[in-house]
Amino acid sequence: MLKILVMVSGGGTNLQAILDRITDGSLNDVQIVGVISNKKDAYALERAKKYGISAICVSKKDFPVKEEFNQELIKQVDAFSPDLIVLAGFLVILPKELITKYENKIINIHPSLIPSFCGAGCYGLKVHEMVLERGCKVTGATVHFVDDGTDTGPILLQKAVQVHQMDTPETLQKRVMEEAEWILLPETIRLIAAGKVKVNGKQTEIME
Ligand code: GRF
């Protein structure tokens, strides 16, 4: 059984996608042992509680010193003893200590085809605005391991999504979620749980 910890900041539709796959039986041998949010009012926390999953908030606002927040975050993560940490819209730069401790055990979903439209400051609706401004015909989503850069870790899965002529950032965001993110994230977890993923430096090998 792969014990996963999901870290969130917002609505948690990606968390829901994982929960749905566990519920319908297509994601076996995986258990969500906890959810951590940095926002007290994140709807993702409610989603977790509905499934009886331990859901807590660790907010920067409660810690005057950043290092204290970092240490509390690490302490709470460790308390769940996760085999895999899933960043599903977690808008906090992880402490280096945590990344080192959980090397190749943290994955993130990013709403573009990395290495396009990623890196510092490139998150949320901004990504889709930039895709439209650049006039791209295709975009997508990427699941990657987290290293100490921003969106620079080994890529696990990617899926392309068509950009439509009439798209707004909002309609594009919705299509990327529906056609890519909600499929890719549970699928990546399934592959990792099944031992189908090998990491070779910057590259991954999916053994299917
Ligand atoms: C998603 O677009 C994800 O790619 C990004 O943050 C968003 C989270 O959405 N990292 P949700 O909270 O899962 O609905």
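The values are calculated or read from the model by the stated rules, or taken from the named source; none is laboratory data. In this text, all values refer to a predicted model and were calculated from it rather than measured experimentally. No Cβ is skipped: glycine too gets one built from the backbone with ideal geometry, and neighbour counts run over all protein chains shown. In case anyone asks, the SASA skips ligands and DNA or RNA and just uses the protein heavy atoms, side chains included. Shrake-Rupley method; radii C 1.70, N 1.55, O 1.52, S 1.80 Å.
If only residues of the range 163-208 that are in a helix (DSSP H, G or I) and more than 16 Å from the ligand (Cβ to nearest atom) are counted, the one that is surrounded by the most Cβ atoms within 10 Å (Cβ to Cβ) is 192. Residue 56: touching a residue at least 12 places away in the same chain (Cβ under 8 Å), in a strand (DSSP E or B) and surrounded by fewer than 20 Cβ atoms within 10 Å (Cβ to Cβ), yes or no? Considered against the rule, which asks whether it is touching a residue at least 12 places away in the same chain (Cβ under 8 Å), in a strand (DSSP E or B) and surrounded by fewer than 20 Cβ atoms within 10 Å (Cβ to Cβ), residue 56 comes out as yes.
Residues of the range 12-34 that are under 25 Å from residue 78 (Cβ atoms), under 12 Å from the mean Cα position of the chain (by Cα) and not small (Gly, Ala, Ser): 14, 15, 18. Given the conditions (1) away from the ligand (no atom under 14 Å from the Cβ); (2) open to solvent by 60 Å² or more (accessible area, probe 1.4 Å); (3) under 14 Å from the mean Cα position of the chain (by Cα); (4) not aromatic (Phe, Trp, Tyr), report the number of the one that residue 147 does not fulfil. Answer for residue 147: the failing condition is (2). Put simply, of 19, 15, 45, 27 the only residue that is away from the ligand (no atom under 15 Å from the Cβ), outside any strand (DSSP E or B) and surrounded by 14 or more Cβ atoms within 10 Å (Cβ to Cβ) is 27.
Listed by first and then second residue, the pairs linking a residue in the range 95-112 that is over 23 Å from residue 18 (Cα atoms) to a residue that is of a type in the set (Asp, Glu) and surrounded by fewer than 23 Cβ atoms within 10 Å (Cβ to Cβ), with Cβ atoms under 6 Å apart and 6 or more places separating them unless they lie on different chains, are 96/148.
Within the range 91-107, the only residue that satisfies the criterion of being within 12 Å of the ligand (Cβ to nearest atom) and open to solvent by 20 Å² or more (accessible area, probe 1.4 Å) is 91.
Every listed requirement among (1) within 16 Å of the ligand (Cβ to nearest atom); (2) on the phi < 0 side of the Ramachandran plot is met by residue 54 save one, (1). Given the condition part of a strand (DSSP E or B) and either buried (at least 16 other Cβ atoms within 10 Å of the Cβ) or out of contact with any strand residue (DSSP E or B) (no Cβ under 8 Å at 6 or more places or on another chain) (or both), answer yes or no: does some residue in the range 111-132 qualify? No: zero hits.
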